[in-house]
1. Which one of ALA135, ALA247, ALA43 has the biggest mean-square fluctuation once the chain is modelled by GNM with Cα springs under 10 Å?
2. Given charges of +1 on the Cβ of Lys and Arg and -1 on the Cβ of Asp and Glu, with all other atoms neutral, how large is the dipole of region 3-131 about its Cα centre, in debye to the nearest 20?
3. Let me check against my output: what whole-number percent is the relative contact order of the chain, with C-alpha pairs under 8 Å and at least 6 apart?
4. Step through the residues of region 235-251 one at a time and calculate ³J(HN,Hα) from phi using the Karplus curve (6.51 cos²θ - 1.76 cosθ + 1.60, θ = phi - 60°), rounding each to whole Hz and writing x for Gly and Pro.
5. What is the dipole size for the chain, taken about its Cα centre, with +1 at each Lys and Arg Cβ and -1 at each Asp and Glu Cβ, in debye to the nearest 20?
6. Eigenvalues of the Cα gyration tensor times 5, then square-rooted: what semi-axes does that give for region 1-148, in whole angstrom, largest first?
7. Read phi for every residue in region 132-141 and hand back ³J(HN,Hα) as whole Hz from Karplus 6.51 cos²θ - 1.76 cosθ + 1.60, θ = phi - 60°, with x for Gly and Pro.
8. Specify which residue in the list GLY80, ILE24, SER223 is farthest towards the positive end of the charge dipole of the chain, using unit charges on the beta carbon of Lys, Arg (+1) and Asp, Glu (-1), about the Cα centre.
Amino acid sequence: MLWHCRDREIDLGHRTLVMGVVNITPDSFSDGGRYAAPAPALAHARQLLDEGADLVDLGGESTRPGSHPVPADEQWRRIGPVVETLAREGRALISVDTSSASVAERALLAGAHVVNDVTALGDPAMAAVIAAAGAGLVLMHMRGRPADMQRDARYDDAPAEVATFLGDRLAAAASAGIARDRVALDPGIGFGKTVRHNLELLARLETLVALDRPVLVGASRKSFIGQILDLPVDQRLEGSLASAAVAVFLGARIVRAHDVAATVRAVRVAVALREARRPTRA
Ligand code: HH2
């Protein structure tokens with residue numbers, strides 16, 4: 001399984017990437033304000049790369065439940081200096097967490113490789129920007145929008161409905177000129193879902209793996225873990241690692257995480273277990 005992101009060809013056949021989260025925001029749900037200025041954000045990105053992150057996900061807009069969109073110019077003011085510096089250094093695979101085509105365009109011009117779009121091409125101008133740059137794309141499922149997404153969290157069969165949605169968005173991306181081999185798919189853990197829906201999506205990840213594109217899972221520190229363990233956001237490491245390990249074992253090829261060093265170790269063991277399920281070659 002190959003994932004093409006501009007000039008990079010990433011073979012995910014026997015690997016799972018760890019995507020380190022860099023929230024350059026005042027209000028993200030788990031680390032809002034810690035890396036809001038360029039210098040701490042850059043230092044944090046470098047630290048995550050040193051800890052073994054395969055790519056960093058730079059975001060200038062929180063999408064926590066109840067949050068509101070941040071104007072494109074403000075998003076770029078937050079993430080631009082970090083994207084530009086990391087791209088100049090040439091070491092990191094750079095993802096930008098934005099659903100704004102104008103932010104994505106500026107980031108790709110500066111040298112980013114992947115657009116992580118939690119609205120799955122909700123901005124009508126986004127597909128053309130990604131197609132023109134040959135960028136990688138993450139299509140994520142969300143029900144509603146962050147401001148109201150927990151109000152309508154109803155599904156008959158969440159994994160099946162999410163798979164249908166992502167299959168449709170994959171087809172829409174292809175008709176807009178974004179080759180399949182550039183796209184990764186994400187069930188959107190915590191985006192318009194109850195605890196039960198999130199658990200079903202993780203436990204039945206094969207429903208998404210069957211779409212034959214890399215599956216990305218972002219369960220790190222999310223509230224379903226807090227609800228199971230009755231723990232606040234700063235005490236969800238073990239729950240995040242357990243969720244990541246199960247997702248990887250069931251086929252996830254990219255894990256989005258805040259705690260990179262620990263996640264890299266958990267993912268390596270889970271990948272070894274996943275590989276052990278394959279029939280051995282004669
Ligand atoms: N989760 C968050 C943000 N972006 N992107 C993808 N593809 N998948 C996810 O699960 C995902 C995401 C929320 O986490 P975080 O960035 O830490 O919080 P906030 O949105 O409050 O900045």
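Bear in mind that the values in this text are calculations on the coordinates, not laboratory data. As the structure is a computational prediction, the values presented were derived from the model and not from experiment. Virtual Cβ from ideal backbone geometry, glycine too; neighbours counted across all protein chains shown.
1. Largest GNM mean-square fluctuation: ALA43.
2. Values: 11 positive and 18 negative charges, 36 e Å.
Computed about the Cα centre, the dipole is about 180 debye.
3. Values: 580 pairs, mean separation 53.6, N = 282.
In percent, rounded to a whole number, it is 19.
4. 10, 10, 4, 5, x, 5, 5, 4, 5, 5, 4, 5, 4, 5, 4, 8, x
5. On the way: 33 positive and 34 negative charges, 109 e Å.
Approximately 520 debye in magnitude.
6. Working: eigenvalues 88, 72, 46 Å².
Calculated on Cα positions only, the semi-axes equal 21, 19, 15 Å.
7. Ordered by residue, 3J(HN,Hα) equals 4, 8, x, 6, x, 9, 9, 9, 10, 8 Hz.
8. Comparing the listed Cα positions along the dipole, SER223 ranks first.
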